[in-house]
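Q: Pasting in a structure now, in structure tokens, and then I'll have a few things to ask.
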Amino acid sequence: MSTPQPPMPQQTAAAPDWQAAPGASYTSPIPVTRTHLGHALHSEWTKIKSVRSTMWTLGTFLLLVIGIGFLVAVQTTDEDFGDVPFTVPAFIGLLLGQLCLLTLGVLVVSSEYGTGMIRTTFTASPQRHRVLAAKLIIFFAVAFTVSAFAIGLVGLFTSSLHSSDASEVPWTGTVFMGALYVSLLGMLSLAVGSMLRHSAGAITTMLGVVLLPSILPAFLMMSDTLRTIGEKMQEYAAISSLARVFRLDSESGNGGAQLGLLAGVTAAAIVAAFVLLERRDV
């Protein structure tokens, strides 16, 4: 009687290698493009035109500058513009309107930190410097365009109410310099907002930067020792600077020195904002 043979062992099939790399012929259906600054600009433009704070702050700015400017213009006569440009009525509204641009500059960056959306932004664009650069460019373009439009509209309206020879001072330059001054203030606010990352703190800081140089000189000039400091602070305060830009104090220049100082301070703040942005966590 023959002995039964043991069953032959069956060879098990090799498990498929699920982690194997795809073949050379694989092509991803998702288009891959290299990101650049244009993408960041498009993203920031979408943000700034979509949020309600932009409409409220810019709407209030236009209402103050144009509304007050028109009200002042209809009360003027030809004799009022003997040595000042036709854009002077916009100066009064701009003193209040600049606070709107300061607020908007802070909110452009600090609102994302407040809601936590900045994490999404930096995930989509890991190059943080590109995000901040796009915010600065878009904000400056919006602020300068709106400011120049408001000042120029007031100038045109005022000139239409008076004879062409009522004012011998050219006013087109004040449109550019006035818009540039308040836009730089807004960019300074954006840089401060990026450094502090807190809306209330950054807005309070900028209010101090704008208002304190106009208030402190009154107390500093009570002392003979501090009088020089008070006079210099008053000369470069925001109110005095805008007054020179609009040629209300033509004997002290056209505001070029004040504009240069503001540009220097803004540039330093922007550099500091870029450095801190790269060194700190989100």
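Q: Per-residue HN-Hα couplings for the range 226-241, Karplus 6.51 cos²θ - 1.76 cosθ + 1.60 at θ = phi - 60°, whole Hz, x for Gly and Pro?
A: 9, 4, 4, 5, x, 5, 5, 5, 5, 5, 9, 5, 4, 5, 5, 5
Q: If you don't mind, another one. Sticking to Cα atoms, compute the Rg of the range 21-134 to one decimal and its Dmax as the biggest Cα-Cα distance, whole number, in Å.
A: Final numbers for Rg and Dmax: 23.0, 85 Å.
Q: Convex hull over the alpha-carbon atoms of the range 229-282: what's its volume per residue in Å³?
A: Values: hull volume 5.3 nm³, N = 54.
Taking only Cα atoms, the range 229-282 has a hull volume of 99 Å³ per residue.
Q: Can you give the percent of C-alpha pairs in the range 181-247 whose distance is more than 15 Å?
A: On the way: 1298 of 2211 pairs.
For the range 181-247, the fraction of Cα-Cα distances above 15 Å is 59 percent.
Q: Applying a 10 Å radius around every beta-carbon, put 59-66, 120-127, 268-275, 190-197 in order of their mean neighbour count, most first. Please list the in-between numbers first.
A: Working: 59-66: 19.8, 120-127: 13.0, 268-275: 15.8, 190-197: 24.9.
My ranking of the peptides, most packed first, is 190-197, 59-66, 268-275, 120-127.
Q: Also, quick follow-up: Towards the positive end of the charge dipole of the chain, with charges on Cβ (+1 Lys, Arg; -1 Asp, Glu), say which of Thr115, Leu212, Ser163 has the farthest Cα.
A: Final value for the positive-end residue is Thr115.
Q: Evaluate the charge dipole of the range 63-145 about its Cα centre and quote only its size in Debye, nearest 20, assuming +1 on the Cβ of each Lys and Arg and -1 on the Cβ of each Asp and Glu.
A: On the way: 4 positive and 5 negative charges, 184 e Å.
It works out to roughly 880 debye.
Q: Using the crude model of +1 on Lys and Arg Cβ and -1 on Asp and Glu Cβ, and no other charge, please compute the dipole size for the range 190-282 relative to its Cα centre, in debye to 20. Each step should come with its number before you reach the end.
A: Numbers: 7 positive and 7 negative charges, 45 e Å.
Approximately 220 debye in magnitude.
Q: When the dipole is taken about the Cα centre of the chain, and only Lys, Arg (+1) and Asp, Glu (-1) are charged at their Cβ, what size is it in debye, to the nearest 20?
A: About 1340 debye.
Q: Give the peptides 110-116, 99-105 in descending order of average Cβ contacts within 10 Å, highest first.
A: Details: 110-116: 15.9, 99-105: 25.6.
Going by the mean number of other Cβ atoms within 10 Å, highest first, we get 99-105, 110-116.
Q: Residues of the chain: accessible area per residue at 1.4 Å, in Å²? Mind showing how you got there, number by number?
A: Details: 16020 Å² over 282 residues.
With the other protein chains kept in place, the chain gives 57 Å² per residue.
Q: Run the helix sum for the chain: -39,500 (n - 2.57) per DSSP H stretch of 4+ residues, divided by residue count, reported at 222 nm to the nearest 500 deg cm²/dmol. All intermediate terms of the calculation are to be shown ahead of the outcome.
A: Working: 11 runs with 189 residues, N = 282.
Rounded to the nearest 500, the figure is -22500 deg cm²/dmol.
Q: Heavy atoms only, probe 1.4 Å: what % of the accessible area of the chain goes to carbon and sulfur, would you let me know? All intermediate terms of the calculation are to be shown ahead of the outcome.
A: Values: 10460 of 16020 Å².
Ligands and nucleic acids excluded, carbon and sulfur reach 65 percent.
Q: Also: If you split all Cα-Cα distances of the chain into 10 Å bins from zero, what percentages do you get per bin, shortest first?
A: Cα pair-distance distribution for the chain, in percent: 6, 23, 25, 18, 10, 5, 3, 3, 2, 2, 1, 1, 0, 0.
Q: Roughly what % of Cα-Cα distances in the range 99-207 sit above 20 Å, to the whole percent?
A: Summing the P(r) of the range 99-207 above 20 Å gives 49 percent of all pairs.
Q: Something else now. Once the dipole of the chain is set up with Lys and Arg at +1 and Asp and Glu at -1 on Cβ about the Cα centre, which of Ile239, Leu276, Gln75 lies farthest towards its positive end?
A: Going by the charge dipole, the pick is Leu276.
The values are calculated or read from the model by the stated rules, or taken from the named source; none is laboratory data. These numbers come from a predicted model, not from an experiment. Counting neighbours? That spans all protein chains shown, and the Cβs are built from the backbone with ideal geometry, glycine included. The protein model used for the area step is the full one, side chains on, heavy atoms only, and it has no ligands, DNA or RNA in it. Shrake-Rupley method; radii C 1.70, N 1.55, O 1.52, S 1.80 Å.
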